[in-house]
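> One structure follows; several queries about it will come next.
Read the figures in this text as sums done on the coordinates, not as results from a lab. Computed from a predicted model, the values in this text were never measured in an experiment. Don't worry about glycine lacking a Cβ; one is built from the backbone with ideal geometry, like all the others, and counts go over all protein chains shown.
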Amino acid sequence: MYLIPISAFADNYLWLLHDGKRALVVDPGDAAPVLQALEQHALQLDSILVTHHHQDHTGGVEALRKACGAKVYGPATEQIPQPFTPLHDGDTVHTLGLDFHILEVPGHTAGHIAFYTPFCNFDGSIKPLLFCGDTLFSGGCGRLFEGTPTQMLSSLDKLAALPGDTVVCCAHEYTLSNLRFALAVEPGNADLAAYQARCVHLREEGRPTLPTSIAQELLINPFLRTRQPSVAAAARRFDPSVHDDNTVFAAVRQWKNQFK
Ligand code: ZN
Ligand code: FE
């Protein structure tokens, strides 16, 4: 399988996964760049996977369905363009010869889902693959528009429990600004400083910092590290009232919201 991050809007990635003939796209906020990529690689679009209802993830669904006849899969409890196959936690989507397991990951939106397959063959190397929409970003996580910090922490816990070598496809290129914040939380994290240097270099060359991996994020992402003493201590400096995992997480999220 081949994985292509299609750039759209200011900083979205519309992920295209294909086997040389057939393709799926995740969260197509815009149809035009997807149609262009399909034509360029002579691909037939089989399926459209949607993680949540926001316009920058669904704006191209109708046009792509019309143009390609692709099947649409999305979260059962969110308003996305009809008709689509509604998905719940534990469901499986079979497409392109892969089985994607559905994880409900509320927080950014109330019904947000992620698509996970344990076995994806990339040029002979078999890896787990995750499409996580706006739940997990490299160095960060989605804003809590419809969910509570407790919900988001438990959603991120589900993702953090996936195998370390999982290829993680996030929907936005927010990495550098996330890492500036991450370094304010953990100035002594050497893995974080090294990762930032690599990401700065990638962006200078105009390349994506994504996909990332679960193992990488566990080393550097403050939102997956709220149980680390260094992160909990920083959260307590921001908000002296923090006293457990959920309040540490809530404080770090609040700190990030106001971080400049
Ligand atoms: Zn969103
Ligand atoms: Fe988004």
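> Can you give me the Kirkwood hydrodynamic radius for the range 1-87, using every pair of distinct Cα atoms, in Å to one decimal?
Here the Kirkwood hydrodynamic radius works out to 12.6 Å.
> Tell me which aspartates and glutamates have Cα within less than 20 Å of residue 260's Cα, excluding those fewer than 8 residues away on the same chain?
Hits, sequence-local ones excluded: 11, 173, 186, 239.
> Let me ask something else. For 150, 135, what's the fewest-to-most ordering of other Cβ within 10 Å of each Cβ?
Fewest to most other Cβ atoms nearby, the residues stand as 150, 135.
> On a straight-distance basis, which lysines could pair with residue 66 in a cross-link, Cα separation under 23 angstrom, same-chain partners fewer than 8 positions away excluded?
Answer for residue 66, where 23 Å is the Cα cut-off: 21, listed by chain and number.
> With a 10 Å cut-off between alpha carbons and a GNM built on the chain, which of 237, 22, 225 moves the most?
Between 237, 22, 225, it is 237 that shows the largest mean-square fluctuation.
> By a straight-distance test (C-alpha under 24 Å), which lysines pair with residue 158 as possible cross-link partners, with residues fewer than eight away in the same chain excluded?
127, 256
> Could you sort the peptides 32-42, 244-254 by per-residue average Cβ neighbour count (10 Å cutoff), highest mean leading?
Working: 32-42: 15.0, 244-254: 20.0.
In decreasing order of mean packing, 32-42, 244-254 become 244-254, 32-42.
> Okay, moving on. Going by how many other Cβ atoms sit within 10 Å of their own, how do 156, 136, 49 line up, fewest first? Don't skip to the answer; put the middle values down first.
On the way: 156 23, 136 31, 49 27.
The most exposed by this proxy come first: 156, 49, 136.
> Ranked highest first by average number of other Cβ atoms within 10 Å, how do 227-233, 127-133, 171-177 line up?
Numbers: 227-233: 15.0, 127-133: 23.9, 171-177: 21.0.
Going by the mean number of other Cβ atoms within 10 Å, highest first, we get 127-133, 171-177, 227-233.
> Another one. Relative contact order, percent, of the chain when contacts are C-alpha pairs under 8 Å separated by at least 6 residues?
13
> Run the simple label-point estimate for residue 122 and residue 145 please: 7 Å along Cα→C-beta, distance reported in nm.
It is 2.8 nm.
> Still on this structure, I have one more. Count the net charge of all other residues whose Cβ sits under 9 Å from the Cβ of residue 185, scoring Lys and Arg as +1 and Asp and Glu as -1.
Around residue 185, the charge tally is +1.
> If I model a spin label at residue 77 and residue 180 as a point 7 Å from the Cα along the Cα→Cβ vector, what separation in nanometres do I get?
Between residue 77 and residue 180, the simple spin-label model gives 3.5 nm.
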